[in-house]
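The values are calculated or read from the model by the stated rules, or taken from the named source; none is laboratory data. The model shown is predicted, which means the values in this text are computed figures rather than measured ones. Note that we place each Cβ from the backbone using ideal geometry, even for glycine, and neighbour counts take in every protein chain shown.
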Amino acid sequence: MDRKKYEDEKKIYFDALSGCGCQDIEYTTVSGEEVKELYTPDDIEGFDYNEELGFPGQYPYTRGVYPNMYRGRFWTQRQFAGFGTPKDTNGRYHYLLDHGQTGLSVAFDLPTIMGYDSDHKRSEGEVGRCGVAIDSLKDMEILFDGIDPGTITTSMTINAPASIMLAFYLCVGERKGTAFEKMGGTIQNDILKEYIAQKSWIFPPEESMRIITDILAFCSNHVPKWNTISISGYHIREAGSTAIQELAFTLADGFAYVEAGIAVGLDVDKFAPRLSFFFNSHLDFFEEIVKYRAARRIWAKRMKEKYGAKDPKSLLLRFHTQTAGCTLTAQQPENNIVRTAFQGMSAVLGGTQSLHTNSMDETLALPSEKAVRIALRTQQIIAHETGVINTIDPLAGSYFIEAKTTEMEEAAEEYFRRIDKLGGVVKAIDRGFFQREIQKSAYEYQKAVEAGRKVIVGVNRFGLENEEIDITLLSIDEEVEKHQKKAVQEVRETRDNDKVSRELECLRAAAEGTGNLIPVIIDCARCYCTEGEIIDTLKGVFGEYKEPLFI
Amino acid sequence: MARKVRVLIAKPGLDGHDRGAKVVANALKDAGMEIIYTGLHQTPEMIAESAVQEDVDVVGLSILSGAHMTMFPRVMELMKEKGAEHIVVFGGGIIPPEDMDKLKEIGVARIFGPGTNTGDIVTFLRERFPEE
Amino acid sequence: MTARPGIDRLLELFAEGKVAAAARLITILENGGEDAERILDSVFHRTGDAYRIGFTGPPGAGKSSLLNRLTGRFREKDHRIGIIAVDPTSPFTGGAFLGDRIRMQAHSADPEVFVRSLASRGSLGGISNCTDEVIDLMDAFGKDLVLIETVGVGQSELEIAEKAHTVVVVLVPESGDGIQAMKAGLMEIGDIFVMNKADHEEAESAAREIQDTLRLKDIPEGEWEPMVVLTSAREDTGIVELVEAIEEHRRHLEVGGHFASMRKKILRSRVRNALMDRMERRLRQSVRVRDFLEQRMESVYKGEISPYRVVRELEGLVSIQ
């Protein structure tokens, strides 16, 4: 390049620019990060392609985890679904599979997530509302009726009781003749982000971490194709964090799991390849793409340099993405289709391995069938019509994208230092570090919206007077709760209750000891112990976590 | 000393989405009100008893789990039993329009959906409870 | 909306043990004025039985969690408990965030545990101006133990020593807490020192440090020697020991006849405070005083007379016989 010419032209340009007017808009990302009017070669001075990018499928994997990316195969179109009884949801799964979906993703109801059976007092009014109610292996059998766990992969959004839902699922496969080794899928199982953001905890952190390392050990030996933790930034973002916080806190959680695994004597290369990630795709198109690229680079570097991983698979940050639920508006809900399309597109340009696109009506109720179909079609349009899949990592080399990727990496590193100073993730949770940081960001964003510095179409600008909501909503029949209560009581009446007591006693003893809990939980599952019974037994030994207050 | 508006903000039910509840609590505090925050996973019994003991003027419930048609009526019923039917109840969260109408019928003063400006909540409370 | 009952009706309901009425009366006490005095006049003869325990210490020491655990133990002994939790009012907005209930969940459905959150409001620091009155009301309502948790900032939590029979200072082994405590004068007021978060690696050495400092104090024969207790509210350890320490202090007060003298001391300080409040209010409201001051201040500004002389002149004007 002719350096002199470059400097001359640059000067002319910036003189001209300062002579032009500028709209009175705050030019920041949705996270409040400054963005310049123009990025130039100056912004990536000293940029080393080999160090910072590498080729796709090569260290540090900034450009993607596989050499062929979407030319090999598209991302998995995985719509999160679950509501009502296991039978209701089973119907929805067949519908989605018939419409071309390629993997299943189970949404559980809150009693299941919190470890209560459907007939527990605390479950009142909640059964089957936010997802499907699963009380025992019986329900899991109904949920996968006519579906072969040997041929599809299933993702389960479950954390505190993840071990139990995994056990139920493995038993379903077992009964259909699929060996544990052949079964593939994911449990979210990311308890740290529960204390940080999502707040569906049951046991205290230390005990929860023990269950998680038991799962890591068990799966690496017996269910090698299972993704054992889906380390989730999604909920951290939904709770109001910025993109940088989502990235930094999620990766910090990931490293904490790696350290926990190493601490109990597991070989990092034996369990790290089965760790995967789950990110949010928010409104700011480029900021999100930058986030995914920075995430891959940080993970690969740290896994190699700090944790000594040798297997290249341990270095790969594979991730699922969901478009941001918190960006959907109740006003003019059809606009959400457009938001979701852009968010889905940025996840694809960021190299996601699987994607859930939200339905337009989710701020009003659980999604209706039509809304779910449009959301799925949105992914299919991105994949088949827009052409963005033709080349791999098309944005690489952009001055803007590369400068921002490095900036985001540095900001995350700064957070890691702060977390280390507090004594690590669990200690930082204890002190409310993450919780406070997120709360502060959430309140700042709310104030920016209310002051009109951030525009939300249809909410603080371009609203409609007397808007009528014109979409059909899905409502959950109150019969669901009655039905599910009866079903779990029937299970308790018809099983071998002596065996149940014996197995639960074994579980209690195992929890008091140091052995691996998972085989014992599988034994409990096989004889139809309910989720609530298993959780209560563990609570008796482990105690319960109480909500701390950080304001 | 002037009368202060006392507000109880609670999250009934099992979901842990407290972003909205906390943002509202902060905004009301910044507007000069006294906020009693009871946190997550509250049963209707806990909420009603707290509201009564704290003699609040108003209770704000945040529900995103879909259990609103169970939680609101139960809290109101219990407060009535305890002789505190004068306490105003409002809510926020993911609540379908037809349920909003039903909740208004049983006496819920207002439901604020997603996208609500916190200023609107402050105005609503100020109009109901002018500080002397 | 139904009409709310007047004070007479509230007092009747209060006598019948209705929580809603008691809670409403507390609000009226908080708002002050003639109604508040009327309530106190009418319930005062029923006070004097409750044992008052004050808890103070730096923010984040885990006072609420500790109270939650203690309440559990006290309930096992059939005590009827009132809890007053004070949090600061923002000096900028006048708002307050009262979050102590969140840690007292275990008892939120127990009708024998009455928790009331107070904002410090006009008071300068850790305690609300109406704390005494609220304690009275809980006492008259039949609570035989009243636990008062104050914001552990500034100097004003020392006021707790004037209100409580037993003062528990709650500390944590985090850096410099002990030093802070000494600076704030907490070492002078504590009857019992709790080193909370006993699972912390430095808890024991921090407790020893406190113990050593206390030994330096010159305690006259027969006086109470402050105790140090290690607890963990989270692990529920040391709580029984803390209950025992509190009971021991109580016995010490009763046996030594200190209990009665303490009650007198508390009441004297209340009369003094009430008198000061009343005098201050009357001075502020007096037109004569205001006019006089306005006129004489000119001379103070010019340096002709000292501020003290103005006060002496004023004394002559409003002299109390």
Answer yes or no: is there a residue in segment A:472-495 that is surrounded by fewer than 17 Cβ atoms within 10 Å (Cβ to Cβ), β-branched (Val, Ile, Thr) and over 30 Å from A:ILE211 (Cβ atoms).
yes
Give the residues of segment A:13-42 that are touching a Phe, Trp or Tyr at 6+ places or on another chain (Cβ under 8 Å) and among the aromatic types (Phe, Trp, Tyr), sorted by residue number.
A:TYR39
When A:GLY103 is run through (1) at pLDDT below 95; (2) farther than 23 Å from A:ARG274 by Cβ, the failure sits at (2)
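Evaluate segment C:79-102: report whether one residue or more is among the acidic types (Asp, Glu) and surrounded by fewer than 19 Cβ atoms within 10 Å (Cβ to Cβ). Break it down stepwise before answering.
Quick first cut of segment C:79-102, residues among the acidic types (Asp, Glu) only: C:87, C:100.
Applying the additional criterion that residues be surrounded by fewer than 19 Cβ atoms within 10 Å (Cβ to Cβ) yields none.
No, segment C:79-102 contains no residue that is among the acidic types (Asp, Glu) and surrounded by fewer than 19 Cβ atoms within 10 Å (Cβ to Cβ).
Would you confirm whether or not segment B:84-93 contains a residue that is without any contact (Cβ under 8 Å) to a residue 40 or more places away in the chain, on the phi > 0 side of the Ramachandran plot and part of a loop (DSSP other than H, G, I, E, B)?
So the first thing to find is which residues in segment B:84-93 are without any contact (Cβ under 8 Å) to a residue 40 or more places away in the chain, and the list is B:84-87, B:89-91.
Adding the requirement that they be on the phi > 0 side of the Ramachandran plot leaves none.
No, every residue in segment B:84-93 fails to be without any contact (Cβ under 8 Å) to a residue 40 or more places away in the chain, on the phi > 0 side of the Ramachandran plot and part of a loop (DSSP other than H, G, I, E, B).
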Pairs, please: C-beta under 7 Å, at least 6 apart or cross-chain, first residue without any contact (Cβ under 8 Å) to a residue 24 or more places away in the chain and in segment B:3-30, second assigned to a helix (DSSP H, G or I) and of a type in the set (Gly, Ala, Ser)?
B:ARG19/A:ALA442
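How many residues are of a type in the set (A, V, I, L, M, F, W, C), more than 10 Å from every other protein chain (Cβ to nearest Cβ) and assigned to a loop (DSSP other than H, G, I, E, B) if we restrict to segment A:452-466? Steps first, answer last, please.
Residues of segment A:452-466 that are of a type in the set (A, V, I, L, M, F, W, C), as a first pass: A:455-457, A:459, A:462, A:464.
Next, only the ones that are more than 10 Å from every other protein chain (Cβ to nearest Cβ) stay: A:455, A:457, A:462, A:464.
Within this subset, residues satisfying the condition of being assigned to a loop (DSSP other than H, G, I, E, B) are A:455, A:462, A:464.
Total meeting the criteria: 3.
So which residues in segment A:103-151 are among the aromatic types (Phe, Trp, Tyr) and part of a loop (DSSP other than H, G, I, E, B)?
Step one: list which residues in segment A:103-151 are among the aromatic types (Phe, Trp, Tyr), which gives A:108, A:116, A:144.
Residues satisfying the conditions are A:TYR116, A:PHE144.
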Checklist (1) closer than 21 Å to A:GLN322 by Cα; (2) modelled with pLDDT of 95 or more applied to A:PRO60, failing item:
(1)
Every residue from segment B:30-59 that is within 9 Å of chain A (Cβ to nearest Cβ) and crowded, with 24+ Cβ neighbours inside 10 Å
B:TYR37
Taking the condition of being buried (at least 17 other Cβ atoms within 10 Å of the Cβ) and within 11 Å of chain B (Cβ to nearest Cβ), how many residues in segment C:6-26 meet it?
11
Can you tell me which residue in segment A:101-142 is surrounded by the most Cβ atoms within 10 Å (Cβ to Cβ), limited to those that are within 20 Å of B:GLU45 (Cα to Cα) and within 24 Å of the chain's Cα centre (by Cα)?
A:VAL127
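Only one of these is hydroxyl-bearing (Ser, Thr, Tyr), within 14 Å of chain B (Cβ to nearest Cβ) and closer than 24 Å to A:PHE74 by Cβ: A:SER359, A:SER354, A:SER346, A:SER368. Name it. Steps first, answer last, please.
On the way: A:SER354 fails: within 14 Å of chain B (Cβ to nearest Cβ); A:SER346 fails: within 14 Å of chain B (Cβ to nearest Cβ); A:SER368 fails: closer than 24 Å to A:PHE74 by Cβ.
Among A:SER359, A:SER354, A:SER346, A:SER368, only A:SER359 is hydroxyl-bearing (Ser, Thr, Tyr), within 14 Å of chain B (Cβ to nearest Cβ) and closer than 24 Å to A:PHE74 by Cβ.
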Here are some conditions: (1) at the interface with another protein chain (Cβ under 10 Å from one of its Cβ atoms); (2) in contact with a His (Cβ under 7 Å, 6 or more places away or on another chain). C:ARG52 meets all but one. Which one does it not meet?
(1)
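Given the criteria among the hydroxyl-bearing types (Ser, Thr, Tyr), surrounded by fewer than 22 Cβ atoms within 10 Å (Cβ to Cβ) and touching a residue at least 24 places away in the same chain (Cβ under 8 Å), does A:TYR70 qualify?
Details: among the hydroxyl-bearing types (Ser, Thr, Tyr): yes; surrounded by fewer than 22 Cβ atoms within 10 Å (Cβ to Cβ): yes; touching a residue at least 24 places away in the same chain (Cβ under 8 Å): yes.
In short, yes.
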Of the residues C:ILE83, C:ILE102, C:ILE127, which is assigned by TED's automatic domain parsing to the domain that holds C:VAL240, within 17 Å of C:GLY57 (Cα to Cα) and either of a type in the set (D, E, K, R) or not in a strand (DSSP E or B) (or both)?
C:ILE127
Would you confirm, using the coordinates I've provided, whether A:GLY150 is within 27 Å of A:VAL348 (Cβ to Cβ) and surrounded by fewer than 24 Cβ atoms within 10 Å (Cβ to Cβ)?
no
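Each row is one residue, and each column tells you yes or no for (1) closer than 25 Å to A:GLU407 by Cα; (2) part of a loop (DSSP other than H, G, I, E, B); (3) at pLDDT 90 or above.
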residue: A:LYS5; (1), (2), (3): no, no, yes
residue: A:GLY21; (1), (2), (3): no, yes, no
residue: A:ILE25; (1), (2), (3): yes, yes, no
residue: A:TYR39; (1), (2), (3): yes, yes, yes
Scanning for something within 13 Å of another protein chain (Cβ to nearest Cβ) and buried (at least 21 other Cβ atoms within 10 Å of the Cβ), does segment C:68-77 turn up at least one residue?
yes
Kindly establish whether A:THR329 is in contact (Cβ under 8 Å) with a residue 24 or more places away in the chain and within 30 Å of A:ASN221 (Cα to Cα).
no
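Out of the residues in segment C:55-67 that are of a type in the set (Ser, Thr, Tyr) and touching a strand residue (DSSP E or B) at 6+ places or on another chain (Cβ under 8 Å), state the one that is nearest to the other protein chains (Cβ to nearest Cβ).
The first filter runs over segment C:55-67 and keeps only residues of a type in the set (Ser, Thr, Tyr), leaving C:56, C:64-65.
After this cut, where a residue has to be touching a strand residue (DSSP E or B) at 6+ places or on another chain (Cβ under 8 Å) as well, the list is C:56, C:64.
Details: C:THR56: 19, C:SER64: 8 Å.
Ranking the qualifying residues of segment C:55-67, first place goes to C:SER64.
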If you take the residues of segment C:116-139 that are crowded, with 24+ Cβ neighbours inside 10 Å and aliphatic (A, V, I, L, M), which of them is nearest to the other protein chains (Cβ to nearest Cβ)?
C:ALA119
In segment C:300-321, residue farthest from C:ASP41 (Cα to Cα) [restricted to those that are assigned to a helix (DSSP H, G or I) and touching a helix residue (DSSP H, G or I) at 6+ places or on another chain (Cβ under 8 Å)]
C:VAL300
What is the residue count in segment B:24-54 for residues that are touching a helix residue (DSSP H, G or I) at 6+ places or on another chain (Cβ under 6 Å) and not in a helix (DSSP H, G or I)?
5
Scanning segment B:107-127 for residues that are more than 14 Å from chain C (Cβ to nearest Cβ) and outside any helix (DSSP H, G or I), the one farthest from A:ILE456 (Cα to Cα) turns out to be B:ARG110
Could you tell me whether any residue of segment C:84-92 is farther than 30 Å from C:PRO173 by Cβ and more than 9 Å from chain B (Cβ to nearest Cβ)?
yes
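Quick one: which of B:ILE95, B:ILE106 is in contact with a helix residue (DSSP H, G or I) (Cβ under 8 Å, 6 or more places away or on another chain), of a type in the set (Val, Ile, Thr) and crowded, with 19+ Cβ neighbours inside 10 Å?
Numbers: B:ILE106 fails: crowded, with 19+ Cβ neighbours inside 10 Å.
Only one candidate passes the filter, namely B:ILE95.
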List the helices (runs of 4 or more DSSP H) that sit entirely inside segment A:319-437 and contain at least 1 residues that are closer than 19 Å to A:THR242 by Cα.
A:335-349, A:399-421, A:425-430
Tell me yes or no: at least one residue of segment A:371-382 is within 14 Å of chain B (Cβ to nearest Cβ), more than 25 Å from A:ALA295 (Cβ to Cβ), touching a residue at least 40 places away in the same chain (Cβ under 8 Å) and not hydroxyl-bearing (Ser, Thr, Tyr).
yes
Would segment B:73-81 turn up any residue that is more than 9 Å from every other protein chain (Cβ to nearest Cβ) and in a strand (DSSP E or B)?
no
